[in-house]
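Here the structure comes first, spelled out in structure tokens, and everything after it is commentary.
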Amino acid sequence: MKYNQEAIKYLNQGIELLKQNKDDEAEQAFVKAIELDENLAPAYNNYGIIKMFKGFLDGALDAFRRALEKDPRLFSAYSNAAAIHQSRGESQKAEEYYLRSLQINPNNVDTYYNLGVLYIEQNKLEEAKKVLEKACQLDLNHTQSFYLLSSVYFKNDDYYPAIANLQHVINKKPDDINARYALAEIYRRQGKYSMAIEQLEQLLQLEPDNERALVCLGLIYIEIEEGQLALPILEKACSINENNPEILEMLAILYEMDGKIEKALETCKKAKSLAPDNLYIAETLERLENHPYLKSNK
């Protein structure tokens, strides 16, 4: 099909403006392109993207449908429409559109990735694994797919392929905080504490105030009965977030082990005030309140 060349000019102008985050100007260019040639499917598609960015999902969906009416092989319009249906929780329709997109362009890594996210949301882990493995095969640099695939293996307690995928991510992106944390957590669950500690220490070199990593590292030292090493780490975590009841409970236990019973009690009371329904904290508090040291000093 031959398109109006003036319309093509406005389409290309709009795409360039979109890359520059000049959404309003881009929208005007796409509208002009459509006015000049009502069959220009990519103009409807890009107009829909602008509407989606602005939160006008009904208008965006209508634009994508119009694009597909003009060109049923415009795979990106299927993927864009799928994303809207997915955001609305319309899983069946989203899956249908993603699959239609892949029928037309079976090598689109982003579509496989997004479909993998959809399947995980539905707890369809086998389906997620298949499409994410395909994404990884197509692009070794698409680290998001490797990371998400590792999470699928992790959910299935299949640790070794989960580790392999996370190691691939870290090889490609050594500063990936989430991959290092996930890898450390798997090693911890396997009892490979030295390897978990190594990952967490490297993570903390990249981001010294990462609360999640500090808590995990402190927990590991508690598990291997190195309370003296855990204490300053968890105190630092508490200084970052003093309202985390789980951190406070662990600190209370460490203070108790260190003979600082009054400080342990004070810390545990704060934890209880933050999480009044937590049974573990309640048990720790009851034990501390009945501690022989406190009774002997009454």
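The values are calculated or read from the model by the stated rules, or taken from the named source; none is laboratory data. The shown structure was predicted, so the numbers you read here are calculated from the model rather than taken from an experiment. Reconstructed Cβ throughout: ideal geometry from the backbone, glycine too, with neighbour counts over all protein chains shown.
Here's a check for you: in the stretch 25-62, which residue that is more than 21 Å from residue 2 (Cα to Cα) and among the aliphatic types (A, V, I, L, M) is surrounded by the fewest Cβ atoms within 10 Å (Cβ to Cβ)?
The qualifying residue surrounded by the fewest Cβ atoms within 10 Å (Cβ to Cβ) is 57.
If you go through the stretch 208-233 one residue at a time, how many are of a type in the set (D, E, K, R) and surrounded by 15 or more Cβ atoms within 10 Å (Cβ to Cβ)?
2
May I ask you to list the residues in the stretch 29-58 that are polar (S, T, N, Q) and closer than 16 Å to residue 18 by Cβ?
Hits for the stretch 29-58 are 45, 46.
Across the stretch 189-204, what is the total count of residues that are buried (at least 18 other Cβ atoms within 10 Å of the Cβ) and modelled with pLDDT under 95?
0
Considering every residue within the stretch 141-154, establish whether at least one is farther than 29 Å from residue 54 by Cα, modelled with pLDDT of 95 or more, part of a loop (DSSP other than H, G, I, E, B) and out of contact with any Pro (no Cβ under 7 Å at 6 or more places or on another chain).
Yes: one or more hits.
With the condition being among the aromatic types (Phe, Trp, Tyr), under 30 Å from residue 151 (Cα atoms) and in contact with a strand residue (DSSP E or B) (Cβ under 6 Å, 6 or more places away or on another chain), I'd like the helices (runs of 4 or more DSSP H) fully within the stretch 15-127 carrying at least 2 qualifying residues.
Those helices (runs of 4 or more DSSP H) do not exist here; none qualify.
Please enumerate the residues belonging to the stretch 15-24 that are out of contact with any Lys or Arg (no Cβ under 8 Å at 6 or more places or on another chain) and surrounded by 14 or more Cβ atoms within 10 Å (Cβ to Cβ).
15, 17, 18, 22, listed by residue number.
Please work out if residue 126 is over 23 Å from residue 217 (Cβ atoms), in the same structural domain as residue 52 (by TED's automatic domain parsing), more than 19 Å from the chain's Cα centre (by Cα) and among the acidic types (Asp, Glu).
Spelling it out, it is not the case that residue 126 is over 23 Å from residue 217 (Cβ atoms), in the same structural domain as residue 52 (by TED's automatic domain parsing), more than 19 Å from the chain's Cα centre (by Cα) and among the acidic types (Asp, Glu).
Within the stretch 137-147, restricting attention to residues that are surrounded by fewer than 21 Cβ atoms within 10 Å (Cβ to Cβ) and among the hydrophobic types (A, V, I, L, M, F, W, C), which residue is nearest to the chain's Cα centre (by Cα)?
Per the criteria, the residue is 140.
Yes or no: the stretch 159-182 includes at least one residue that is under 15 Å from the mean Cα position of the chain (by Cα), modelled with pLDDT of 95 or more and of a type in the set (Lys, Arg).
Yes, the stretch 159-182 contains a residue that is under 15 Å from the mean Cα position of the chain (by Cα), modelled with pLDDT of 95 or more and of a type in the set (Lys, Arg).
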